[in-house]
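S.K.: Mind having a look at this structure? Questions to follow.
The values are calculated or read from the model by the stated rules, or taken from the named source; none is laboratory data. Not measured: the values here are computed from a predicted model. As a convention, Cβ positions derive from the backbone with ideal geometry for all residues, glycine included, and neighbour counts pool all protein chains shown.
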Amino acid sequence: MSTLKKVLAEKIAAHRPRTTRLAKEFADVSLGESTIGQAIGGARGIKCLVTDISYLDPMEGIRFRGYTIPETFAALPKVPGSDYPYVEGFWYLLMTGDIPTMEQTLEVVEDWKSRSQVPQYVIDVLRALPRDSHPMVMFSSAILAMQRDSVFSNNYAAGKFNKMTCWEDMYEDSTNLMAKLGPIGAYIYRMKYKGDTHIDADPDLDMGGNFAHMIGQSEDYKNVARMYFILHSDHESGNVSAHTTHLVASALSDAYYAYSAGINGLAGPLHGLANEEVLRWTQNFMAKLGGELPTEEQLKEALWATLNSGQVIPGYGHAVLRKTDPRYTSQREFCLNTEGLKDYPLFKLVSMIFDVTPDILVEQGKAKNPWPNVDAQSGVIQWYYGVTQYEFYTVLFGIGRALGCLPNITWDRALGYAIERPKSVTTDMLEAAAGIK
Ligand code: NMX
Ligand code: MLT
């Protein structure tokens, strides 16, 4: 058994009594009431999910296993010759809550490599789809196609279900899936955008480095991939992709069913597709100006035109955050510290948008949070390095998001979380509760 799995087993055994005690002795303790506004308005703020993998404070932003973004990057073992950590070490952290040693990290690196071969039937599925299918359709289909290999579902079908040990099958499925997501993303990218020519994995590279290598990118992009996947990994459990993954897995559906569903949620423009929308908006705007940077007045006009046409400003606002997303700040700092990128016109425009948009959203008076989220800043980095196919950006998000969703559903199984089934009411009942019927 790998060190990670052994440590995870110990952590699970130590954690279970906490959950059992809360459920048995304190089940009636209230976490707050729900209102009509919450029932109609997307359950905003209702506390009915549990995760220890990350926590989102509205003012501070995300912490992964208790660590802020800068603390996470500082604490994890770094890829030799790079200032950025191994994605594999971050996986160890999210799974166990422990910062791994270099040795433990390298064990995960080798484990993922041994599981990373994409089956030929997945390639066949991808190739059978219309080439103009959205890359998220391809990504989701590839994940779902691999369900036939699910250790959990195959054992379940063979009558080998055990509530106490079934997390191990979820862990195996999660690791098998995680190890293949980078190569699947790279295959889609090169099939769609690089003349269907493909590059084999380099056995000497880590996951982030290999992704850069397999899409045909530069040495510098290896750090971009590592940073991007870590930053997009997890945002506690209520966001659409994590919640969907959790919801589907709660029916004892396996990791493939669950994460494919999560990816379908990530593909919505109010969620992960916003990074594509941000680039589309900024590129269209720059094209109208003949590639020149706008004046502040021109920019304000364009932002108001978007709002007045009933659309949202992509990359701004958030359901929980009430300040600038620290994932935005982290990527902005990357741009400011990267020679060439800090003076890049598109980055200058993204910065101008950051300067003027919050005031406009406040003036409009609708958005509860006028500040930028992760998606407002991610696309410009990709564009700068030559990944200009912005419909692909949400696939990058989806590779990263698996780092959070898959440990979450492994822990869901370990702690025996129930099938998710909240209660609905009728409009008549709401009106009766409101005293208007
Ligand atoms: N531009 C214009 N209007 C906005 C924006 C925005 N960026 N953000 C919120 N609003 C509007 C929102 O549409 C709603 O209008 P209405 O009353 O007409 O329905 C009103 O402000 C109140 O919405 P909020 O309560 O502030 O936001 P909510 O929690 O419902 O939604 C988002 C959160 C993130 C879906 C929303 O802010 C949005 O649509 N942002 C733009 C899309 C985006 O960037 N999504 C990515 C989020 C991060 N991610 O990666 O998933
Ligand atoms: C996310 O990363 O999932 C987004 O910021 C959306 C959210 O947290 O609701």
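S.K.: Does at least one position in the stretch 355-363 carry a residue that is over 26 Å from Ile399 (Cα atoms), touching a residue at least 60 places away in the same chain (Cβ under 8 Å) and away from ligand 2 (no atom under 16 Å from the Cβ)?
M.R.: Checking the stretch 355-363: at least one residue is over 26 Å from Ile399 (Cα atoms), touching a residue at least 60 places away in the same chain (Cβ under 8 Å) and away from ligand 2 (no atom under 16 Å from the Cβ).
S.K.: Can you tell me which residue is surrounded by the fewest Cβ atoms within 10 Å (Cβ to Cβ) among those in the stretch 373-389 that are within 15 Å of ligand 1 (Cβ to nearest atom) and farther than 17 Å from Leu341 by Cβ?
M.R.: Asn373
S.K.: Can I ask one more? Name every residue in the stretch 8-42 that is surrounded by 13 or more Cβ atoms within 10 Å (Cβ to Cβ) and assigned to a helix (DSSP H, G or I), in order of residue number.
M.R.: Result: Leu8, Ala9, Lys11, Ile12, His15, Arg16, Thr19, Ala23, Ile36, Gln38, Ala39.
S.K.: Right, another one. For the condition in contact with a helix residue (DSSP H, G or I) (Cβ under 8 Å, 6 or more places away or on another chain), β-branched (Val, Ile, Thr) and closer than 21 Å to Thr394 by Cα, what is the one hit in Thr245, Thr306?
M.R.: Thr245
S.K.: Moving on. Taking the stretch 281-322 on its own, how many of its residues are within 16 Å of ligand 2 (Cβ to nearest atom) and either surrounded by fewer than 16 Cβ atoms within 10 Å (Cβ to Cβ) or farther than 30 Å from Tyr55 by Cβ (or both)?
M.R.: Residues meeting the conditions: 1.
S.K.: Something else now. What pairs can you find where one residue is in the stretch 18-29 and within 15 Å of Ala414 (Cβ to Cβ), the other is surrounded by 10 or more Cβ atoms within 10 Å (Cβ to Cβ) and not aromatic (Phe, Trp, Tyr), and their Cβ atoms are less than 6 Å apart, with a gap of 6+ or different chains?
M.R.: Correct list of pairs: Thr19/Leu415.
S.K.: If I go through the stretch 275-299 residue by residue, how many of them are assigned to a helix (DSSP H, G or I) and either more than 10 Å from ligand 1 (Cβ to nearest atom) or of a type in the set (A, V, I, L, M, F, W, C) (or both)?
M.R.: Count: 16.
S.K.: Quick check on this structure: which one of Val395, Val356 is out of contact with any Leu (no Cβ under 8 Å at 6 or more places or on another chain) and hydrophobic (A, V, I, L, M, F, W, C)?
M.R.: Criteria check complete, one pass: Val395.
S.K.: Among (1) within 16 Å of ligand 2 (Cβ to nearest atom); (2) in contact with a Lys or Arg (Cβ under 6 Å, 6 or more places away or on another chain); (3) under 19 Å from Asp111 (Cα atoms), where does Gly208 come up short?
M.R.: (1)
S.K.: Mind checking whether some residue in the stretch 40-53 is touching a Lys or Arg at 6+ places or on another chain (Cβ under 8 Å) and under 30 Å from Thr329 (Cα atoms)?
M.R.: For the stretch 40-53, residues touching a Lys or Arg at 6+ places or on another chain (Cβ under 8 Å) and under 30 Å from Thr329 (Cα atoms): present.
S.K.: Now a separate question. Output the number of the condition that Thr197 fails; it satisfies all remaining conditions of (1) buried (at least 20 other Cβ atoms within 10 Å of the Cβ); (2) over 22 Å from Ala402 (Cβ atoms).
M.R.: All conditions are met except number (1).
S.K.: If you don't mind, another one. Just the residues that are hydroxyl-bearing (Ser, Thr, Tyr) and within 12 Å of ligand 2 (Cβ to nearest atom), please, taken from the stretch 368-418.
M.R.: Matches in the stretch 368-418: Ser378, Thr394.
S.K.: Got a sec? Which of Val395, Val387, Val425 is touching a helix residue (DSSP H, G or I) at 6+ places or on another chain (Cβ under 7 Å), part of a loop (DSSP other than H, G, I, E, B), more than 19 Å from Leu293 (Cα to Cα) and at pLDDT 95 or above?
M.R.: Checking each option against the conditions leaves just Val425.
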